Structures are given as C-alpha cells and as structure tokens.
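The values are calculated or read from the model by the stated rules, or taken from the named source; none is laboratory data. This is a predicted model, so every value here is computed, not measured. No Cβ is skipped: glycine too gets one built from the backbone with ideal geometry, and neighbour counts run over all protein chains shown.
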Amino acid sequence: MAIQHPASRPENPRFSSGPCAKPPTFNVSKLADAPLGRSHRASVGKARLKAAIDGTRQILGIPDNYRVGIVPASDTGAVEMAMWSLLGARKVEMVAWESFGAGWVTDVVKQLKIDAEIKVADYGQIVDFDTIDFDNDVVFTWNGTTSGVRLPDGDAIPAKRAGLTICDATSAAFAMDLPWDKLDVTTFSWQKVLGGEAAHGMIILSPRAVARLESYNPPWPLPKIFRLTKAGKLIEGIFEGATINTPSMLAVEDYLLALDWARSVGGLTGLIARADANAQAIWAFCDTRSWIANLAQDPATRSNTSVCVKFTDPRITDGAAFAKAVAKRLDTQDVALDIGAYRDAPPGLRIWCGGTVETANIAAMLPWLDWAFNVEIAALSTA
C-alpha cells in the first residue's frame, strides 16, 4: 500500500544553507532603484554602500569605535584578509569543529606556514574554550555551518586579553547575539542569514585589531584585495563605502532591502526569535521520533540556523545513501530543496532555519520528511 503524501506543502521550499532564502517580502521589482550603470565611486554609489555599512552597525549593535567594511570575495575573502593581514605577530591557536573551520586551519598551516596550535572537535561537538589561551591570537567559527554546532556564548573569552580573536560568524550574524567586546575581527557575508546575494563580505574590526594592523607588517606578500592599510595607516575609506574593488550595485541594493526587512521584524531581537522558532520546530520533531536526532550532542550548542540532523534507525545500513535518497525524494517533490548534508559532514540533512525562513514553511515541510523517511525504510524492506 502506498504511503500517502501529506496534505499541505511549504509555500517556499528553499532551505539552503547558502545562498539562503530571500526575505519573505522580497520581490525583484523592489530593486528597480538600484544605481545600475553608475560608478560605485559616484556619490549615489558611495551613499548606498555607506547605508549598507551604517545599517549593519545599527541592527547588529556594533560599537561606534569598531570599523565596519565591505570587502571582496564573500565571507571567505573577509576571513582570509584578516588572517593574512594580522597573523604572525604572536602565537596562533586555530580552533575548528566543522569543515570551514578546518579550512582556515589548512590555510594558516599550509599556506602561511605558521606553526599554530590546533584544537579540533568532532562533528556534533565543540572545542572546550576553557582550554584556549587568549593571550595568543585565536581563529574560530562562531557557528559551524556544516555541523550545526555553535558557541553558546562568549563567556570563556576574557575581556582583557593580549591576543586577537578572529571570528568567522557568517552563519551567526543576524541570528545570534555576538559579544562585541570579546571579538576583535568578525566576518560574515550577505547571502547567509539575511538572504542576500553572494560575493560580498563584511569585516568588523575592534580598536585592538586596528592597532595591530597599523603596527604590524606581515612577512608575506599581500594581494591588493587583502590590503587594509597604506603607509602604516588604516585605509579609512574602506569603512566609509570606498570599497577595495568594484561591488555589484544590484547586490548592494538587495542587501539594503534585506536590512529594511530586518528592521520591520524587530531588528536583531526579531531575527533571533524567528530563527529560534524555526529551529525549535525541528528540535521538537526530532524529540518525538526515535529515528532522527540532532547532530549536536549538547542542546546548549545546537545551532538555530544550520540545523543538522542524523538518521538513527538501526534498519539503515548505509547512512550516506539513505540520507541522500531522503533528500532527493524531498527535492523531487519540491517540498525541501538543498537540504543534503555538506560533503565533508556525517550523513544526514542540513536544514536552514535563519530568520528569512518562515516557521510555517518548516512546519509544512516536516510531515514530508516523515513521509520520505517511511518511504525509504519501506524500500529497504523490499530490496
């Protein structure tokens, strides 16, 4: 007997972890005023870029004495810029518990050839921050986009420290409360929590990070797109809308639209509440079923954006094949797109729950996940 399809479908089946769902009010016609065909150096272009910087500062509550800049190459470019420009002045600790954090370790050790101390945790776990010496420079991700595990707070980071903290917050910014006094460099990209377009990164610098930039010359060459100083001084224009390279003014307009939407739902508080509600719907689903569980082992470290789950049913003999089959079935039904686990992560699903996703769409998708699981289990019994 065929297993019945659920009665309803998500209005928007987009649950990708990047690029992420556009804000619910998005319509391409709202980008009609973008200054296309105009120079980003013209007053209209610089004004739009400065508005993006100021809006980011306002919604995230970034202190006035921190610099906020738009930089090339998405979050990847922002993190690499920070590491190439700042590391090497003192001992480095690299901290990783998922794929992208592991990538930063590789770049520092293999490319910059820094003899860093490396601390890692398995997928589903987090490094014990009490073991980290913050008199060293420390590089870490706040939220593991591929593991669904996040740093719950910044309590273990001392307010007074000799080293710099360099934090990749691309899947945390606009969904989690970041303690700015504990972070010296923070990076993210537009296409994550606010559902913007790709290729543009944001870098946020504390006064301590600026002081390091102005007093330290790294021993390796710096590509032009990584240079934040000139003649020993910070290039202030980068933080006022004079970008290093040419940005997409269409993407800038799209980000401004996303910032406006963020304000309309209550700013950071509203965005966090929306992500929490989305994640809670999945957590509750897992709690009432024996065959699925959150990849995060400690509830305190569960991500509210990149929610990663694993199948635990003992009848499953090939976890990777089963998870891929479930994801493909949901994709074919057009009820959940792009939810397969990241290629380096354990088998399972990764469902994006950032604030641009409507909780009603999560709720409508979950019965389909139930359906897909049961269909695939039935297929195993007849194989």
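Selection within segment 49-106: residues that are more than 19 Å from Ser189 (Cα to Cα) and without any contact (Cβ under 8 Å) to a residue 40 or more places away in the chain. The member of this set that is farthest from the chain's Cα centre (by Cα) is Asp64. Taking segment 8-48 as the range and being part of a loop (DSSP other than H, G, I, E, B) and free of Cβ contacts under 8 Å to residues at least 40 places away in the same chain as the test, the residues that pass are Asn27, Ala32, Gly37, Ser39, Ala42. Could you list, in sequence order, all residues of segment 353-383 that are closer than 22 Å to Thr146 by Cβ and either surrounded by fewer than 17 Cβ atoms within 10 Å (Cβ to Cβ) or among the β-branched types (Val, Ile, Thr) (or both)? Thr356, Val357, Ile362, listed by residue number. The strands (runs of 3 or more DSSP E) found entirely in segment 132-230 that carry 1 or more residues being of a type in the set (Val, Ile, Thr) and in contact with an Asp or Glu (Cβ under 6 Å, 6 or more places away or on another chain) are 137-141, 165-168, 185-189. Across segment 72-101, the number of residues qualifying as touching a Ser or Thr at 6+ places or on another chain (Cβ under 7 Å) and in a helix (DSSP H, G or I) comes to 8.
Can you tell me which residues in segment 262-292 are outside any helix (DSSP H, G or I) and not aliphatic (A, V, I, L, M)? Selection gives Gly266, Thr288, Arg289, Ser290, Trp291.
Residues are listed down the side, and each one gets a yes or a no for (1) of a type in the set (A, V, I, L, M, F, W, C); (2) surrounded by 15 or more Cβ atoms within 10 Å (Cβ to Cβ); (3) at pLDDT 95 or above; (4) within 25 Å of Ala300 (Cα to Cα):
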site	(1), (2), (3), (4)
Leu86	yes, yes, yes, no
Thr106	no, no, yes, no
Lys113	no, no, yes, no
Val127	yes, yes, yes, yes
Ile132	yes, yes, yes, yes
Val139	yes, yes, yes, yes
